[in-house]
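Visitor: To start, I am sharing the structure in question, which I have written as structure tokens.
The values are calculated or read from the model by the stated rules, or taken from the named source; none is laboratory data. Keep in mind that this is a model prediction, so the values were computed, not measured. Cβ: placed from backbone, ideal geometry, glycine included. Neighbour counts: every protein chain shown.
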Amino acid sequence: MYDGIVQELIDELGRLPGVGPKSAQRIAFHILQTPTFDVSRLSTLLSEVRERVKFCERCGNVSENDLCAICSDVRRDQSLICVVEDAKDVAAIERTREFRGLYHVLGGAISPIAGVGPDDLRIRQLMTRLSDGTVQEIILATNPNLEGEATAAYLTRLLASMEISVTRLASGLPVGGDLEYADEITLGRAFEGRRSA
Ligand SMILES: [Zn+2]
């Protein structure tokens, strides 16, 4: 334990996801002891990121504009939408460079235990995007766990009556895990080997 403000900093850092007490202490001392560490840059970034970054009004990805960089890119295949739970999954899939279509971020997964139902997700917005007939294929890339599977099954049923091909990422992704933690090669292969849902 440290006195006053040092301990406050350690406690605050320790509240961040994935940062345990040891790491919090290490980061705090790095900030305190490294002359080249630019404190004002970090503090400016922290306050600006909340002000400037919003979510794309079409796909729900993080963006500094009304439309994100992917939705604004006319070279992307407009007939293909990859449905993911979270904006972090968009970044994971982009790193594979396997996918040249568009995304739709649901903002979570169906979970009766957590009280999350279809109406809590951006499913209505997805249906609106499909209404003009441009989209030919929907790739369901929800997480390979219970909630992700339930969400994929729900969407498959919902989309069954539409003339759109619905595919699911191939198995091989670590079961129970999060898409964002899958390595690029595994995730890339899962795209290539996607199958009809
Ligand atoms: Zn977008």
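Visitor: Just wondering, is there one or more residues in region 58-69 that are part of a helix (DSSP H, G or I), surrounded by 11 or more Cβ atoms within 10 Å (Cβ to Cβ), of a type outside the set (D, E) and within 13 Å of the ligand (Cβ to nearest atom)? First the steps, then the outcome.
Guide: Just the residues of region 58-69 that are part of a helix (DSSP H, G or I), to begin with: 69.
Now narrow it down to the ones that are surrounded by 11 or more Cβ atoms within 10 Å (Cβ to Cβ): 69.
After this cut, where a residue has to be of a type outside the set (D, E) as well, the list is 69.
Now restrict to residues that are within 13 Å of the ligand (Cβ to nearest atom): 69.
Checked region 58-69: at least one residue is part of a helix (DSSP H, G or I), surrounded by 11 or more Cβ atoms within 10 Å (Cβ to Cβ), of a type outside the set (D, E) and within 13 Å of the ligand (Cβ to nearest atom).
Visitor: Tell me which residues, restricted to region 32-57, are closer than 30 Å to I123 by Cβ and more than 9 Å from the ligand (Cβ to nearest atom).
Guide: Start the filter on region 32-57 by keeping residues that are closer than 30 Å to I123 by Cβ, which leaves 49-57.
Passing the criteria: V49, R50, E51, R52, V53, K54.
Visitor: Then there is this: Considering only residues that are charged (D, E, K, R) and surrounded by 11 or more Cβ atoms within 10 Å (Cβ to Cβ), look in region 1-37 and name the one that is nearest to V90 (Cα to Cα).
Guide: Looking only at region 1-37, we keep the residues that are charged (D, E, K, R), and these are 3, 8, 11-12, 15, 22, 26.
From what's left, surrounded by 11 or more Cβ atoms within 10 Å (Cβ to Cβ): 8, 11-12, 26.
Working: E8: 34, D11: 31, E12: 28, R26: 30 Å.
Only one residue tops the list, namely E12.
Visitor: Being under 22 Å from the mean Cα position of the chain (by Cα) and not in a helix (DSSP H, G or I) narrows it down to one of F37, F99, so name that one. It would help to see each step written out before you state the result.
Guide: Values: F37 fails: under 22 Å from the mean Cα position of the chain (by Cα).
Just one listed residue meets the conditions, F99.
Visitor: Exactly one of (1) modelled with pLDDT of 95 or more; (2) within 26 Å of R129 (Cβ to Cβ); (3) of a type outside the set (S, T, Y) is unmet by I27. Its number?
Guide: The number of the failed condition is (2).
Visitor: In addition: From the list S43, S72, exactly one residue is loosely packed, with under 12 Cβ neighbours inside 10 Å and of a type outside the set (K, R). Which is it? Full working, then the answer.
Guide: On the way: S72 fails: loosely packed, with under 12 Cβ neighbours inside 10 Å.
Just one listed residue meets the conditions, S43.
Visitor: Ok, one more. Only one of these is of a type outside the set (V, I, T) and within 17 Å of the chain's Cα centre (by Cα): Y181, Y154. Name it. Show your work before the answer.
Guide: Working: Y154 fails: within 17 Å of the chain's Cα centre (by Cα).
Only one candidate qualifies: Y181.
Visitor: Counting only residues that are among the charged types (D, E, K, R), surrounded by fewer than 19 Cβ atoms within 10 Å (Cβ to Cβ) and in contact with a Ser or Thr (Cβ under 6 Å, 6 or more places away or on another chain), give me the helices (runs of 4 or more DSSP H) lying completely in region 112-197 with at least 1 of them. Break it down into steps so the answer makes sense when it comes.
Guide: Working: elements: 123-130, 146-159, 184-192.
In region 112-197, 146-159, 184-192 are the helices (runs of 4 or more DSSP H) which contain 1 or more residues that are among the charged types (D, E, K, R), surrounded by fewer than 19 Cβ atoms within 10 Å (Cβ to Cβ) and in contact with a Ser or Thr (Cβ under 6 Å, 6 or more places away or on another chain).
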